[in-house]
Structure formats: C-alpha cells, structure tokens
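Structure record follows, encoded as structure tokens.
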Amino acid sequence: MCGIVGYIGENKKAVPFLLQGLEKLEYRGYDSSGIAVLNQNEIKIVKKQGRLKVIKDILGSKDDLHSNLGIGHTRWATHGDPSDVNAHPHLSKSGKIAVVHNGIIENYINLKKTLSKKGYEFKSDTDTEVVAQLLDSLYEGNMLGTIKKATDLLEGSFALGIICTDYPDTLFAVKKDSPLIIGVGEDENFIASDIPAVLSKTRKICRLKEKQIAVLTSKNIDIFDFSGGKAKMEISEINWNVDAAEKNNYDHFMIKEIMEQPKVLNDTISPRLKDYSIKLDNLNFTEEYLKNLNKISIVACGSAYHVGCVAKYFMEELIRKPVEVELASEFRYRSPIVDKNTLVIIISQSGETADSLAALREAKKLGARVLSVVNVVGSSIANESDDVLYTWAGPEIAVATTKAYSTQLSLMYLIALYISKVLGTITDEKYKNLIENIKLLPEKITGILKKASSTEEIAKKYYQTEKIFFIGRTLDYAVCMEGSLKLKEISYIHSEAYAAGELKHGTISLIDNKTLVIALATQDKLFDKTISNIREVKSRGATILLITTEDKADKISDIADDVIYIPKISNILSPSLAVIPMQLLSYYIAKFRGCDIDKPRNLAKSVTVE
Ligand code: F6R
C-alpha cells in the first residue's frame, strides 16, 4: 500500500528518478501521487489526485524543479479521500520539512490534538500530515535526533522518506512494520518501497530492518536503530533481471505473469527434487517433532489463503493430522489454540502483508514454530519466521496474483509430501506417483496456455454477464474460491464460489436464466455428484461453463453450454491445472469489459495496513 521513493545525488537528477521510480511502484497504490524537491533552499511540492500521469504532465511543463534531493509518493488512501490535499508529500507548518509515508499512524488523533494545542493547523485528513507537524514541533536543529524522538511518539506502521531545508545534501528514511529498501549508487543513493523502483540505477540493495533510520548523502549511508545505536548495513546484489519487472511485449503484466507459470513452477520445484527425494532447502523437521504435532495451521490473506484452502484437503489426506486454514486478519484477534506442538505456515507473496505479519508474531508468541512460504527474499515475514521456503516466482507486478499462487501451491505439495514421507503416512507407490506427476506440472500448464485463445473466445461470449457462480466439490471448491476472487477483483463482476452440494440449502434461489455457473469437476470420485448439481442449476435456467479433465469428454453429453478441458493428472494435483483457465477467463473477461487489469480500482498489491 502506497509506494515511496527518495533520491540524493549530485547532478540535479532527482525529478526524473522520482517519476521513474514511482512508475514502478504504482502497483502499490494509484489514487494520487506527488513529489517534493529541495530547490533554491525551498521545498517545492507537486501533488495531485489521479494516476501518476497527472503529475508527470504537470512536471513536463515546469522547468524549475532541478534538484539533487527529493521524495515521491504514490497513494492508496487510508485516511481521507483521494484528493490533491490528501496526496503526499506533506509539508510541515514552518515549510522546513516534507514527508512521504507508507503505513498507518494509529495514534494520529491524539497527536493531532496535542499539536493543535501548540498552534499547528492541519490541511489534510491524513495521518501522515501529523508526522510532518510532529517533526516540526520537535525540531531544534538536529534532524536525526528529531526523528529518533518522533519514533518514540509514533504508534503504528511507518516507512518514511523525509527531507529538510537545513539539510540540502541529506535524505532521511525510517522503517517500522512497512517495507523500505535503500539502493546504493555511485555519487547518488536512493530509497524505495520495493526493488523495481531502483533497479534501473543499481543492483546493490540494503533492506532496512525493523526500527531503523537511514541517513543518506550522495556518497555515504549511515544506519541507526531507534535507540540511537549505529547499525551495520548489509548490502545484497540483486540477481534477477530488470526484464522480470517489465511488461515486454504483453498488453498487461497479468497475462505476462500467467504465461510465465511453467517456468516459475519449474524454478520452484526442480531444485528441490532429486529423483524421488525432496530437499526443502535448510528445512529439517525431525520425525519426533512431526509426530508430536497436534495440528498444522495455515494462515494467510486473499489468494494466499486460497492456496491454504486447497492445501488443507491434500495435507490432511497425506499427513493424517488436522490442518486448519485461517484468514490472518481473524487469526490475529481471536485467541487461537496454538502451542509448541503446532506448526504454523504463513503464506505470502510480498512477505509484508500486515495481517499475516501480525499473525506470525502472535503464533511465535504462543510458542509455535513458524514456517513461511514467501516470494520476496528478505521480506519481513521471511526474516521473522523460524523457517522460510521461497517461491521462485520472480517479481509479480499485476495486482491480481497468478504466478505467486501457482508457485505457493506447488511448494505446499512438496511440503505435504515431505512431511508424509517422514511420518510414514504415504505408501511408496503413491509418493513416487505424485512426485512424477508434480514434475509434469510445468509441461501440462504449457499445454493449457497454448490453448488460451479458445478461453478468450469463451470469455467473449460471457463478458457481459453480471451474475456468476463458481461451483465444485472439495479441492475443486477450493480452486473455485480463487477463480471467483480473480474475476471479482479485475472485472468487477459479482461472483461467488460455492460448494456444489451446498447450493440447495438456500443459495439456489438466486439462480435464474441470467446466471452463468462455472462448474469445476476434476475429482474422479465426485464427478457424477457435481454433474447432478450442474443439472439442478441448469434446470433453473443457468448457463453452464464446465471445466473438467480430458478423460471425461465422453461423460458430458449435453450438460454444458461450453466446456474447457484440462489435461488429466493425479486428482490431488488437479488444482494446479484447473486454476489456469480460471485465470485466463478472468483476464479476458476483464479485457473485453475494458477494465484496468493491472491496476483494478480500490486495490493495491502489497497490503501493508491491516
Ligand atoms: C489477489 C491477491 C491478494 C493477495 C493478498 C495477500 O489476487 O493478490 O488477495 O493474495 O493480499 O498478499 P500476500 O500474498 O502478499 O501476503
């Protein structure tokens, strides 16, 4: 949520970098944007409601903003409407200090009251303006000292970029519970919420740790902790290509990322499989530890939670231990029954999701061992977990996740097989068969993607439908949840995922001849049951799009108006294939509806506020 950037250099190149960096961060929020630069001893701010293009157009016509120092922001509104006045940066009363912020200042109302008594007036409805005025009120000529004092008074989450007129050669940055990286350049240094923003300038990155303050000049970077001690700067070299964060020739990041799935699945699976043995990086679960487990708790948000919903089915089948799946935003506030004999698995693409991070901390407090499945290396969730397994999906830019979901799911299969092998709850034959089938996933997904144009044709037929149900049983039902979310978030069509057997307990009253039912039937044992449920909705007027496996072709007769076939694979693994046509369908439906696919309304990629 919200993207921040900052620049300090020697060649008056702040503005071009800020705009270019913000462009790469627009996926984090895009309802308004702004920059502040130091120019002739004065802070000049340009900020506007709307996409980044609005301020780009304004800046294109201004030639007085050459500067060595600046900060920028792209916003996802939390406090106050998207508007010019609520856009960041926010300037302090004295005009000396400007601030950009990602996160939420939880005690901003109290701080506002105290500051108001001291004569501070507030122009915006934001929590961030309070930070600017607080710094102003504490400032006595030493900016680092002032920031330290302010961090004692601020509650909540905050990544901050700060500039001050008394420090024309210095950029300040602060991190607590929201991500912030430093890009180390030559005669110039950068800050940003995420790596793609600085990648065209440098591959040397330092991820600020919790409760750290960075003081950057063009030639030097010092890092301090909130108590004032100097901290060591750990620099890592980014080895992925800038291309990975570019659209290349695709119309949207989403379709590019859908098409990348065979490769990233292979990158995630194959280094961990040697013949029939699974090596999960440095993870070492002893038989004794696993035997003593009372349950596994999977905790996540959104699509990552949906991965957990699929995993519950196959983990319980393979491991024979109870597996709970819970939304992180619920888990963190409900006194969960978790102890040292619970394995908590946190799934997160960004590794920064506020609720998932809070759930992780809660689980550790209760004594559980926490394993995280994360895409962003070195992110907060990865850093704070006892064990971490990375999905090698590469940077995911489209707000709607696709390749991260698929790689997370593939890792969950490996984890389940690994544990069931150690526990001896799986036969050798089944274990080997599943490994062989897992190795086939990238190739089978390639086969589905090659036929994307036929899914596009189906999307063309149905894109104006306003009421859609996704139905399926067990694993198919869990995949339907993801299919429905994908469609909702990018096409704005209301849809619901329903357990096929549950419809008749009330919801079937919504079915009429304007309803499209997308039925998923891949599970051999349940195929006939799902077909019966399809008949029930068909006889009430619904149009049916069936997704099933190729081997079922002769069993379908005239039940469906359209059918998408996916290749046959072990039943347990079919979610990895079934989700692909659902992603494609959502993408093409949204495209036909003219939606802003990579940046759907009201959403942001990385949800760093609760
Ligand atoms: C939906 C989507 C979100 C995320 C959720 C969790 O397409 O991307 O539902 O899955 O916000 O985010 P991470 O995985 O970063 O914790």
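The values are calculated or read from the model by the stated rules, or taken from the named source; none is laboratory data. The model shown is predicted, which means the values in this text are computed figures rather than measured ones. For neighbour counting, all protein chains shown are included, and Cβ atoms are generated from backbone atoms with ideal geometry for every residue, glycine included.
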Among (1) under 27 Å from the mean Cα position of the chain (by Cα); (2) modelled with pLDDT of 95 or more; (3) of a type outside the set (A, V, I, L, M, F, W, C), where does Pro179 come up short?
(2)
Residue satisfying condition, being out of contact with any Pro (no Cβ under 6 Å at 6 or more places or on another chain) and either outside the structural domain of Glu10 (by TED's automatic domain parsing) or within 21 Å of Pro179 (Cβ to Cβ) (or both), within set Ile104, Ile43:
Ile104
Considering only region 288-305, how many residues are more than 20 Å from Ala358 (Cβ to Cβ) and either within 14 Å of the ligand (Cβ to nearest atom) or not in a helix (DSSP H, G or I) (or both)?
4
With respect to the numbered conditions (1) within 20 Å of Phe172 (Cβ to Cβ); (2) touching an Asp or Glu at 6+ places or on another chain (Cβ under 9 Å), which one is the sole condition not fulfilled by Leu134?
(2)
Answer yes if at least one residue in region 353-371 is closer than 30 Å to Tyr250 by Cα and either within 15 Å of the ligand (Cβ to nearest atom) or among the polar types (S, T, N, Q) (or both), and no otherwise.
yes
Where in region 2-100 are there strands (runs of 3 or more DSSP E), lying wholly inside it, with at least 3 residues that are hydrophobic (A, V, I, L, M, F, W, C)?
3-9, 32-39, 42-49
Which residue out of Tyr477, Tyr463 is surrounded by 15 or more Cβ atoms within 10 Å (Cβ to Cβ), modelled with pLDDT of 95 or more, out of contact with any Leu (no Cβ under 9 Å at 6 or more places or on another chain) and not assigned by TED's automatic domain parsing to the domain that holds Lys279?
Tyr463
In region 466-485, how many residues are away from the ligand (no atom under 16 Å from the Cβ) and within 20 Å of Ile508 (Cβ to Cβ)?
10
Out of everything in region 337-350 that is in contact with a Gly (Cβ under 8 Å, 6 or more places away or on another chain) and in a loop (DSSP other than H, G, I, E, B), what residue ends up being nearest to the ligand (Cβ to nearest atom)?
Val338
Residue, nearest to the ligand (Cβ to nearest atom), within region 579-596, restricted to residues that are assigned to a loop (DSSP other than H, G, I, E, B) and at pLDDT 95 or above:
Cys595
Filter pass, Pro196 being out of contact with any strand residue (DSSP E or B) (no Cβ under 9 Å at 6 or more places or on another chain) and either in the same structural domain as Glu384 (by TED's automatic domain parsing) or not small (Gly, Ala, Ser) (or both)
yes
Restricting the search to region 336-387, which residues are charged (D, E, K, R) and closer than 18 Å to Gly302 by Cα?
Glu352, Asp355
Tell me which residues, restricted to region 372-383, are away from the ligand (no atom under 12 Å from the Cβ) and assigned to a helix (DSSP H, G or I).
Asn383
If you go through region 385-416, how many residues are farther than 25 Å from Lys247 by Cβ and in contact with a Lys or Arg (Cβ under 7 Å, 6 or more places away or on another chain)?
2
Looking for whichever is part of a helix (DSSP H, G or I), more than 29 Å from Tyr492 (Cβ to Cβ), over 23 Å from the mean Cα position of the chain (by Cα) and without any contact (Cβ under 8 Å) to a residue 40 or more places away in the chain here; the options are Glu362, Glu436. Which one fits?
Glu436
Could you tell me how many of the residues in region 130-157 are within 22 Å of Gly80 (Cβ to Cβ) and modelled with pLDDT of 95 or more?
12
Would you check if there is a residue in region 385-406 being surrounded by fewer than 23 Cβ atoms within 10 Å (Cβ to Cβ), at positive phi, in contact (Cβ under 8 Å) with a residue 24 or more places away in the chain and in contact with a helix residue (DSSP H, G or I) (Cβ under 9 Å, 6 or more places away or on another chain)?
yes
Quick check: is even one residue across region 253-276 in the same structural domain as Ala416 (by TED's automatic domain parsing), touching a residue at least 60 places away in the same chain (Cβ under 8 Å) and more than 29 Å from Asn437 (Cβ to Cβ)?
yes
Take Gly308 and tell me if it is of a type in the set (Gly, Ala, Ser), modelled with pLDDT of 95 or more, near the ligand (Cβ under 10 Å from one of its atoms) and out of contact with any Ser or Thr (no Cβ under 7 Å at 6 or more places or on another chain).
no
Part of a helix (DSSP H, G or I) and either within 16 Å of the ligand (Cβ to nearest atom) or buried (at least 19 other Cβ atoms within 10 Å of the Cβ) (or both), is that true of Lys488?
yes
Total residues in region 325-353, condition of a type in the set (S, T, N, Q), touching a residue at least 60 places away in the same chain (Cβ under 8 Å) and buried (at least 21 other Cβ atoms within 10 Å of the Cβ)
2
Which of the numbered conditions does Ser356 fail, given that it passes all the others? Conditions: (1) touching a Cys at 6+ places or on another chain (Cβ under 8 Å); (2) surrounded by fewer than 24 Cβ atoms within 10 Å (Cβ to Cβ).
(2)
